[in-house]
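Notes for the one structure printed next.
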Protein chains: 2
Amino acid sequence: MVTPDQEETTPKGPRSPAENAELALLLEVAGTPKPGNVDRERDLEELWFEHFLAGAVGSRRGLKRAEAGAPVGAAFETAVAGMANQRGGNTQFGCLLLLVPLVRTAAAEGSVRPALATNTVEATTVEDAAGFYRAFDHVDVFVEDPPAALEPLDVRRGAAAIPALEERGVTLYDVMEASVPGDDIAREWVTGFDRSFRAAQWLESLEAQRPATDRVAQVFLRLLGERPDTLIASKHGEAIAQEVSDCAAELAGVDAFRTDRERVDTFADDLCERGINPGTTADITAAGIFIALERGGLEV
Amino acid sequence: MVTPDQEETTPKGPRSPAENAELALLLEVAGTPKPGNVDRERDLEELWFEHFLAGAVGSRRGLKRAEAGAPVGAAFETAVAGMANQRGGNTQFGCLLLLVPLVRTAAAEGSVRPALATNTVEATTVEDAAGFYRAFDHVDVFVEDPPAALEPLDVRRGAAAIPALEERGVTLYDVMEASVPGDDIAREWVTGFDRSFRAAQWLESLEAQRPATDRVAQVFLRLLGERPDTLIASKHGEAIAQEVSDCAAELAGVDAFRTDRERVDTFADDLCERGINPGTTADITAAGIFIALERGGLEV
């Protein structure tokens with residue numbers, strides 16, 4: 001386990017888990033073209049590349065806390081507070097919800113594997129859930145209305161929901177479990193970070209001659225083609241999420257990133273014009289980058 | 001003065017000087033088009049955008065040391081060792097030679113002003129010079145041959161030169177003073193960071209409606225037009241450095257970034273084809289971004 005003081009005394013070691021997580025955030029947003037999202041070559045109207053750079057820099061305080069062994073909820077809240085310290089709004093909330101437990105696992109166990117990550121998330125407590133709810137007070141996150149019975153636990157209530165959490169004894173893992181289906185970040189928590197590890201494997205399988213940012217874009221497209229993006233589904237409905245996923249699957253199937261880049265660019269322009277952002281897919285991409293960096297399968 | 005522990009206990013404050021310095025490194029490389037250099041839209045043959053992202057992430061350990069009050073030389077060596085922890089080679093050595101004393105000043109004094117920065121660099125010691133020399137052991141930096149009398153102090157000797165430094169009682173400020181003229185990073189040290197503060201002022205004077213990365217590119221072009229780049233002069237000779245500067249001055253004079261973007265792109269293509277990188281200008285741009293972030297004149 002690495003503490004901030006140890007960082008001072010071992011200044012010349014390789015990148016630590018928190019540093020790899022910050023780099024994963026940066027490589028994720030730099031991957032281009034990532035249809036529908038901000039990337040190295042595209043700013044959206046009010047959400048710019050620089051907001052993601054500042055979000056990554058700000059996140060590191062919380063990522064360091066996770067690395068030092070702080071509870072997942074507290075580290076997550078710190079990471080989100082730092083991430084939100086820029087003018088673009090929510091840039092990397094979902095990424096951090098995956099990265100914080102993965103960083104904690106990597107730092108505590110010396111490696112990151114599905115079973116170890118599952119241990120970390122299953123061990124979360126009611127206090128972790130409280131940290132997660134507090135994080136919503138730092139930034140506006142798009143979420144759907146909960147069922148009426150769960151209204152007292154609506155995440156948009158932020159810290160105000162904590163008494164209800166405590167009364168019901170709800171852990172952060174419970175919160176995530178209740179959010180599946182419909183939230184593929186939560187799905188990662190309850191499936192041993194299934195798609196995150198698959199994304200890492202895909203990244204590691206692509207030849208390393210080209211920039212990592214190219215490989216990131218290819219993996220993003222493949223993930224988007226694998227399952228409809230749950231952020232798109234929440235905002236625009238299942239049908240549109242499915243349509244976008246089908247289109248991505250077709251492009252990924254013919255390796256359009258290499259064979260027909262223009263079609264990928266057209267797809268990207270179309271999504272941006274329609275205001276469709278595959279945010280969940282980007283979050284899982286970032287988690288995959290982190291895992292590949294930690295395993296040494298992705299070198300920068 | 002902020003220590004790593006205080007960072008833990010004030011996780012929700014604004015960006016600290018070390019964080020602003022890391023963000024400055026990221027915003028500098030993201031500014032586009034920056035003729036001749038890697039930028040958001042351009043990778044060079046063996047030096048890619050991602051190497052600068054990883055260099056910025058790795059630098060932060062040393063920037064944090066400077067923020068916590070460590071001596072300039074030790075903090076600089078740590079920053080360079082972390083920066084070098086990627087496969088692109090030297091990405092931000094010159095930037096860090098400006099940022100480390102500026103971060104130390106901002107953290108110790110609560111603000112960054114020319115006279116305060118001058119106090120910091122004038123107070124450097126022989127031990128700081130030793131740290132600076134040790135930094136050359138972590139990464140290949142392009143430097144010219146020194147005069148014969150100064151061969152024992154050739155920076156390329158790295159730590160091997162330290163006995164000669166100690167024998168002669170040479171401080172880091174002395175090293176910088178001896179490097180002017182011919183090295184405009186060193187010139188910043190002995191002129192109260194003259195051009196860095198001017199770059200900050202220029203950044204702050206541009207309207208904030210457009211992304212900061214646009215403003216960064218405009219300031220880079222203006223700086224390049226103001227004085228020949230000393231890295232270009234070292235590698236390609238004074239005449240070419242002057243020619244490049246004249247061209248940049250002409251483009252900046254007609255605000256070509258806004259009025260005739262194509263000419264800037266042509267200039268950028270030309271420099272890249274000829275392998276001409278205005279590295280010193282990029283370093284001063286990064287220092288200017290840091291100052292503007294610290295003063296609140298550049299908001300992200």
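As a size descriptor, the averaged projected area of the C-alpha convex hull of segment A:190-300 was calculated at 6.9 nm².
Give me Rg/Rg_expected for segment A:254-300, where Rg uses Cα atoms only and Rg_expected = 2.2 N^0.38 Å with N residues.
Details: Rg = 14.0 Å, N = 47, 2.2 N^0.38 = 9.5 Å.
It is 1.48.
The GluC sites (Glu not before Pro) of segment B:182-285 that meet both conditions, a loop assignment by DSSP and at most 15 other Cβ atoms within 10 Å of the site Cβ, are B:GLU207. Ratio of Rg to Rh for segment A:47-139: 0.99 [Cα atoms; Kirkwood radius as inverse mean 1/r over pairs].
With a cut-off of 17 Å on the backbone N, the residues of segment B:138-182 near the modelled label site 7 Å out from B:GLU122 along Cα-Cβ are B:171-178. Listed here are the pairs A:LYS64/A:LYS235; A:LYS12/A:LYS64; A:LYS34/B:LYS64; A:LYS34/B:LYS34; which of them are more than 27 Å apart at the Cα? Violating the 27 Å Cα-Cα cut-off are A:LYS64/A:LYS235; A:LYS34/B:LYS64.
For an R0 of 41 angstrom, estimate the FRET efficiency from the Cβ-Cβ distance between B:GLU41 and B:GLU166 and round to the nearest 0.05. If you can, show how the numbers build up before the last one.
On the way: r = 47 Å, r/R0 = 1.14.
Using R0 = 41 Å, I get an efficiency of 0.30.
If you take the beta carbon distance between A:GLU177 and B:SER205 as r and set R0 to 51 Å, what does 1/(1 + (r/R0)^6) give as a FRET efficiency, to the nearest 0.05? Here the calculated transfer efficiency is 0.45. Solvent-free Debye calculation, one equal scatterer per alpha-carbon of the protein assembly as shown: log10 I(q)/I(0) at 0.08, 0.11, 0.13 Å⁻¹ equals -0.54, -1.01, -1.36.
The orientation-averaged shadow of the Cα convex hull for segment A:44-91, equal to a quarter of the hull surface, comes to 2.9 nm².
How big is D, in µm² s⁻¹, for segment A:65-201 by Stokes-Einstein at 20 °C and 1.002 mPa s if Rh is the Kirkwood radius over C-alpha pairs? Display every interim value, and only then the final one.
Details: Rh = 15.1 Å.
Value of D from the Cα-based Kirkwood radius: 142 µm²/s.
Shape summary: segment A:132-267 maps onto an equivalent ellipsoid whose semi-axes, from the alpha-carbon gyration tensor, are 35, 17, 13 Å in decreasing order.
The alpha carbons of segment A:68-122 occupy a box of 37, 18, 18 Å along the principal axes, longest dimension given first. Value of Rg to Rh for segment A:3-102, rounded to two decimals, is 1.00; Kirkwood radius and Rg both from alpha-carbon coordinates. The relative contact order of segment A:198-300 comes to 41 percent, based on Cα pairs under 8 Å that sit 6 or more residues apart.
Each eigenvalue of the Cα gyration tensor of chain A, multiplied by 5 and square-rooted, gives one semi-axis; in descending order these are 28, 24, 17 Å. For B:SER205, B:SER196, the sequence from fewest to most other C-beta atoms within 10 Å is B:SER205, B:SER196. Placing dummy labels 7 Å off each Cα toward the beta-carbon, the span from A:ARG157 to A:ASP194 is 3.0 nm.
None of the figures in this text is laboratory data; all of them are computed from the coordinates on show. Please read these numbers as outputs of a predicted model, since none were measured by experiment. For neighbour counting, all protein chains shown are included, and Cβ atoms are generated from backbone atoms with ideal geometry for every residue, glycine included.
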